[in-house]
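Have a look at the structure below before the remarks.
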Amino acid sequence: MADAKSETQSSNQMWGGRFASGPDAIMEEINASIGFDKKLYAQDIRGSIAHATMLAHQGIISAEDKDKIVAGLETILKEIESGTFEFSRQLEDIHMNVEARLANLIGPAAGRLHTARSRNDQVALDFRLWVKEELQKTERALTALIAAFLDRAEEHADTVMPGFTHLQTAQPVTFGHHCMAYVEMFGRDRLRVRHAIEHLDESPIGAAALAGTGFPIDRHMTAKALGFREPTRNSIDTVSDRDFALEFLSIAAIAATHLSRLAEEIVIWSTPQFGFIRLSDAFSTGSSIMPQKKNPDAAELVRAKTGRINGSLIALLTVMKGLPLAYSKDMQEDKEQVFDAAESLELAIAAMTGMVRDMTVRADRMKAAAGSGYSTATDLADWLVREAGLPFRDAHHVTGRAVALAEQKGCELAELPLAELQAIHPAITDKVYGVLTVEASVASRTSFGGTAPSNVRQQVAWWRGRI
């Protein structure tokens, strides 16, 4: 007996103090999902009401049992929303918690609800409904962010700023045009959201465990009741598919990348060295030791959220990559990743929408920077092509000499005397000074998609009509 006791003690030590009861406690800990999938309660109850209604319509259960089931489920919904419902880890998940409470409320009729379905198609339905609703929320949030950018773009269609490549001054652009670049980015995100909703708009319920059911169910009826376009067409794929979750995470990762790029620019623009914008105290924090500091913490945190969202995408891709058809318990790991990414994305979009509307644009600082770094050099080269008939490569060479001279003299291109420009190339006339200002430069960029203020206003109008 002493040896047996010693063996038990050794076993308990292996499991660790938290799992004092041994393997059963560990199994409960790893198997239970109610801690996170209770978030699906509304979708679970909605799906069960639709399923029960269809079963009664098809004569599979009685109308009396259906009425009891629906009334019980509506009571449970009220209990959960009021905070009086007691979730149990022993019942594993949201489905069994709801079903057990339903049995307490209405008795044996509750046992008829699970006819012609499995937890496999039930969770696929709940999760798909949740992701669809979250995508719809994301579309609304992106639309609000785009609208904020459209307002700023229209306001600053004429505000000149430096355009950058390699974070080096390239050519003058307008801040309105820069804002419209983000409209295009988030517009693509919004379109991806719409496509994802279209892709997932099929109802899984009725696929059962993996093979369908022999009961005469009407899957088109439940699909319509739940707002889906149609039911899924293959029962095996239905219960093993998590493409809709992966697509949501992919969209979230791309959108978060766009948000992160914008956050980086806000961080840079708000530095004293740039001074292009100011953020109010609503989106900034101070330093615990340096009283002069005003830190763009909201933008920095948006930038950081991208790492979490990217991690969620990689985690679920890794979960799914080796699973045989059809359902495997590994897929229980799908929801926490999506829930976390959705929360992070929702917060990041809201924060960025607030910052876009909140920031004060310092047009004077932008204009001063726009002319630095010989940003109108390309305009000089274009003028030589257009007015003097030079091949562009020759014009590029002449302009390079002019830039070198300006650097040597410590002045801007527009400040070089005409005689010195003509010494570089005799075809240059005093008309060239009309293209060397930043205002003239941006006004000349009238090609479709260019930075000219007139173009910016046209694009703002087009986008307003689109959203």
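No lab work stands behind these numbers, since they all come straight from the coordinates. Only a predicted model underlies this, so the values are computations on that prediction, with no experimental measurement involved. When we count neighbours, we look across all protein chains shown, and the Cβ atoms used for this are built from the backbone with ideal geometry, even at glycine.
Size of the dipole of the chain about the Cα centre, Lys and Arg at +1 and Asp and Glu at -1 on the beta carbon, nothing else charged, in debye to 20?
Here the size comes out at about 640 debye.
Relative contact order of the chain, please, whole-number percent, based on alpha carbon pairs below 8 angstrom and at least 6 residues apart.
16
Only helical DSSP H runs with n ≥ 4 go in: add -39500 (n - 2.57) per run for the chain, normalise by residue count and round the 222 nm mean residue ellipticity to 500 deg cm²/dmol.
-21000 deg cm²/dmol
How far is the Cα center of region 346-405 from the Cα center of region 128-184, in Å?
19
Given 10 °C and 1.306 mPa s, compute D for the chain with the Stokes-Einstein relation, Rh being the Kirkwood radius over Cα pairs; round to the nearest whole µm²/s.
59
May I ask for the percentage of alpha-carbon pairs in region 119-362 that lie more than 22 Å from each other?
Result for the distance tail: 60 percent.
Quick one: length gained pulling Ala368 to Ala350 fully straight, 0.36 nm per residue minus the C-alpha distance?
Length difference between fully extended and current span is 3.3 nm.
Under a point spin-label approximation (7 Å from Cα along Cα-to-Cβ), what is the Gln90-Ala71 distance to one decimal in nm?
About 2.9 nm separates the two model spin labels.
About the Cα centre, and with charges only on the beta carbon of Lys, Arg (+1) and Asp, Glu (-1), how big is the dipole of region 369-465? Nearest 20 debye, please.
400
May I ask you to derive the FRET efficiency for Asn31 and Glu155 from their Cβ-Cβ distance with R0 = 45 Å, giving the value to the nearest 0.05?
Calculated value: 0.20.
When the chain is fully extended, how far beyond the present Cα-Cα distance does Phe448 get from Ala427, taking 0.36 nm per residue of separation?
Roughly 4.6 nm would be gained on extension.
Putting +1 on Lys and Arg Cβ atoms and -1 on Asp and Glu Cβ atoms, find which of Ile424, Thr437, Phe448 reaches farthest to the positive end of the dipole of region 369-465.
Value: Phe448.
How far apart, in nm, are the 7 Å Cα→Cβ label points at Asp243 and Arg393?
5.0
At a 10 angstrom cut-off on C-beta neighbours, averaged per residue, how do the peptides 325-333, 189-197, 114-122 rank from highest to lowest?
114-122, 189-197, 325-333
Let me know the Rg and Dmax you get for region 32-113 when you use only its Cα atoms, in Å.
Taking only Cα atoms of region 32-113, I get Rg and Dmax of 12.3, 36 Å.
Return a whole-number percent for the relative contact order of region 369-465, with Cα pairs under 8 Å and 6 or more residues apart as the contact set.
Normalised by residue count, the contact order of region 369-465 is 26 percent.
If the only charges are +1 at each Lys and Arg Cβ and -1 at each Asp and Glu Cβ, what is the size of the charge dipole of region 119-362 around the Cα centre, to the nearest 20 debye?
240
Please quote Rg/Rh for region 85-200 to two decimal places, taking the Kirkwood radius as Rh and restricting both calculations to Cα atoms.
My calculation puts Rg/Rh at 1.33.
Along the charge dipole of the chain, pointing to its positive end and built from +1/-1 on Cβ of Lys, Arg, Asp and Glu, which listed residue (Ala370, Pro231, Val385) has its Cα farthest out?
Towards the positive end, the residue furthest out is Val385.
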